[in-house]
Amino acid sequence: DLGWNASPSWPGGIIYAMQADPYQAGHLLLGLDTFPIAPGAGRLYASSDYGASWQQVSMPQDLDWIRSIAFDPETPGLVYLTAGGIYRSIDSGVSWERIDDQQQSMQPAMSFTIATHPEHILFVQVGDNPPCRSMDGGATWECLPSSPRGTFMFMGGDSTRLYEASYFGLSLSTDAGDSWTQAAGALGSLNITALGYAVGEDYTILYAATSGGYTGANGSM
C-alpha cells in the first residue's frame, strides 16, 4: 500500500548488514549469512540500482557472517566490513583485502565506526574482547588493554566524541578510547541498545535507545 517493492529473492539466509554508498546514488552493499552461522557462510552482494538487482561480490577468502559495513564519509570508494576479521576496499566494494592484525585476536570484529576529524581513526568492537583502533587507515592496530565492551559511535565523525553503548549504560571518551566517563543520570545505568545522532545548523543531538524506551540529549554528553 505504501508503494514498496521487494527485491529479487536470493538463496536464503539472514541479512545482518546493509549500507548505501554516500558517493554513488543507488549503490548498496549487503551482507548475507547463508545459515547456519559458520566459517564460509558469509556472502557479500552489491546493487547499483537501489536494490532492484543484486550481484555477488568475489572475496579473497571465505567469510564468516558479515557483522557490519562502513563507508568512509570523506573518501569516495573507501569502505570497510567486518566478517571474522576486517576487510577494506578502495574501489567501492569491487575488490577487497584483509587488514586486521591476526596476531591480536581481532577475528570477532563486529561494529565499526570512523572518525574523520580532527584525527582520522578507525574504531572497532571485537566481540567480548576490548576494542581496537587504527590511526593510519588500518595499516596498524592497537587493541586497548582495558576499555568498555559495548558498541561504539563517533558522533558526527568527531574523534573527540566517541560514545559507547552497553548493558551498563552510556559512556563518553574524548581521547579515542584511552579513558571513559559514565553518563550522568539514568543514561549512565540503563541498558543502551542503540545510538544515533542528528546534526543541526549549530547543534548536535545524541539519541540513545534503551530497553525501556528512548531518550534524546542535547548538552555536554
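The values are calculated or read from the model by the stated rules, or taken from the named source; none is laboratory data. Keep in mind that what you see is a predicted model, and the values were worked out from it rather than measured. Glycine gets a Cβ as well: all are built from the backbone with ideal geometry, and neighbour counts include every protein chain shown. Just so you know, the surface numbers come from the protein's heavy atoms only, side chains and all, with ligands and any DNA or RNA stripped out. Shrake-Rupley method; radii C 1.70, N 1.55, O 1.52, S 1.80 Å.
In region 190-201, the residue that is least open to solvent (accessible area, probe 1.4 Å) out of those that are β-branched (Val, Ile, Thr) and more than 19 Å from residue 114 (Cβ to Cβ) is 192. Scanning region 69-87 for residues that are touching a Phe, Trp or Tyr at 6+ places or on another chain (Cβ under 8 Å) and open to solvent by 30 Å² or more (accessible area, probe 1.4 Å) yields one hit, 76.
Summed over region 133-151, residues that are open to solvent by less than 10 Å² (accessible area, probe 1.4 Å) and either of a type in the set (Asp, Glu) or under 13 Å from the mean Cα position of the chain (by Cα) (or both) total 1.
Taking only region 78-110 into account, find how many residues are closer than 22 Å to residue 159 by Cβ and in contact (Cβ under 8 Å) with a residue 24 or more places away in the chain. Within region 78-110, residues that are closer than 22 Å to residue 159 by Cβ and in contact (Cβ under 8 Å) with a residue 24 or more places away in the chain number 13. Number of residues in region 152-189 that are open to solvent by 40 Å² or more (accessible area, probe 1.4 Å) and either modelled with pLDDT under 90 or basic (Lys, Arg) (or both): the value is 6. Scanning region 96-114 for residues that are in a loop (DSSP other than H, G, I, E, B) and either farther than 16 Å from residue 72 by Cα or open to solvent by 30 Å² or more (accessible area, probe 1.4 Å) (or both) returns 100, 101, 102, 103, 104, 105, 106, 107, 108. If you go through region 115-129 and keep only what is open to solvent by 20 Å² or more (accessible area, probe 1.4 Å), within 17 Å of residue 83 (Cα to Cα) and not in a loop (DSSP other than H, G, I, E, B), you end up with 125, 129.
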